[in-house]
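*Asks:* Below you will find the structure I want to go over with you.
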Amino acid sequence: MYIHLKGLKLYAFHGVLPQENRVGAEYTVNLRLKTDFSRAAQTDCLEGTINYAEVFEAVKQEMQISSQLLEHVAYRIANRLLHDFPAIEEVDVELYKQNPPMGADCEQVGISLSLSADNTQIR
């Protein structure tokens, strides 16, 4: 069972270049959260699943911490979600920077990673 949050739009200040930390950029985050929501499916009660608004708030807070690398930001997001939501067994994070300043006509650049609750090593 998976919960998906796709196309989360956030403005943040990540990058290696000084201008990226001053000007900022728009980012898109996609999440896939492995969890057992069978209780919620049967009872229609929020207590049996993950609250999407709380997940978004955790992602938003992590995105507000300026970092040089998208890899680091995504790893922090995954670790935070695994820590804050014990019902999550595994987290897949996709993080994209829109219009990156790299001297090329490029819509977005991004990374993806997966972490599991029993092993916080990137897979």
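Just so it is clear, none of the values below were taken in a lab; they were calculated from the coordinates. These figures come from a predicted structure and were not determined experimentally. Counting neighbours? That spans all protein chains shown, and the Cβs are built from the backbone with ideal geometry, glycine included.
*Asks:* Given R₀ = 22 Å, what would the calculated FRET efficiency be for Glu54 paired with Gln108, taking r from the Cβ atoms and rounding to 0.05?
*Replies:* On the way: r = 27 Å, r/R0 = 1.21.
Result of the calculation: an efficiency of 0.25.
*Asks:* For Gln108, which sequence-distant residues (separation of 5 or more, or a different chain) have an amide H within less than 5 Å of its own amide H, given hydrogens modelled in the peptide plane?
*Replies:* Asn99
*Asks:* I've got another one for you. Would you order Thr28, Thr35 from fewest to most other beta-carbon atoms within 10 Å of each residue's own beta-carbon?
*Replies:* On the way: Thr28 16, Thr35 20.
Listing Thr28, Thr35 from fewest to most nearby Cβ atoms yields Thr28, Thr35.
*Asks:* Quick one: net charge of Tyr27's neighbours, Cβ under 12 Å, K/R +1, D/E -1?
*Replies:* Combined, the nearby Lys, Arg, Asp and Glu give -1.
*Asks:* What number, rounded to the nearest 500 deg cm²/dmol, is the helix-based mean residue ellipticity at 222 nm of the chain, given -39500 (n - 2.57) per DSSP H run of at least four residues and division by all its residues? Before the final figure, lay out the partial values.
*Replies:* Details: 4 runs with 39 residues, N = 123.
The helix-only estimate for the chain comes to -9000 deg cm²/dmol at 222 nm.
*Asks:* With the contact rule set at Cα under 8 Å and sequence spacing of 6 or more, what percent relative contact order holds for the chain?
*Replies:* Normalised by residue count, the contact order of the chain is 25 percent.
*Asks:* Something else about it: Enumerate the calculated ³J(HN,Hα) couplings along segment 56-69 in order (Karplus 6.51 cos²θ - 1.76 cosθ + 1.60, θ = phi - 60°), each rounded to whole Hz, writing x wherever the residue is Gly or Pro.
*Replies:* 4, 4, 5, 4, 4, 5, 5, 5, 6, 8, 5, 9, 6, 10
*Asks:* Still on this structure: Please list, by residue number, every one of the GluC sites (Glu not before Pro) in segment 18-123 that is coil in DSSP and has at most 16 other beta-carbon atoms within 10 Å.
*Replies:* Of the GluC sites (Glu not before Pro), the ones in loops of segment 18-123 whose Cβ has at most 16 other Cβ atoms within 10 Å are Glu89, Glu107.
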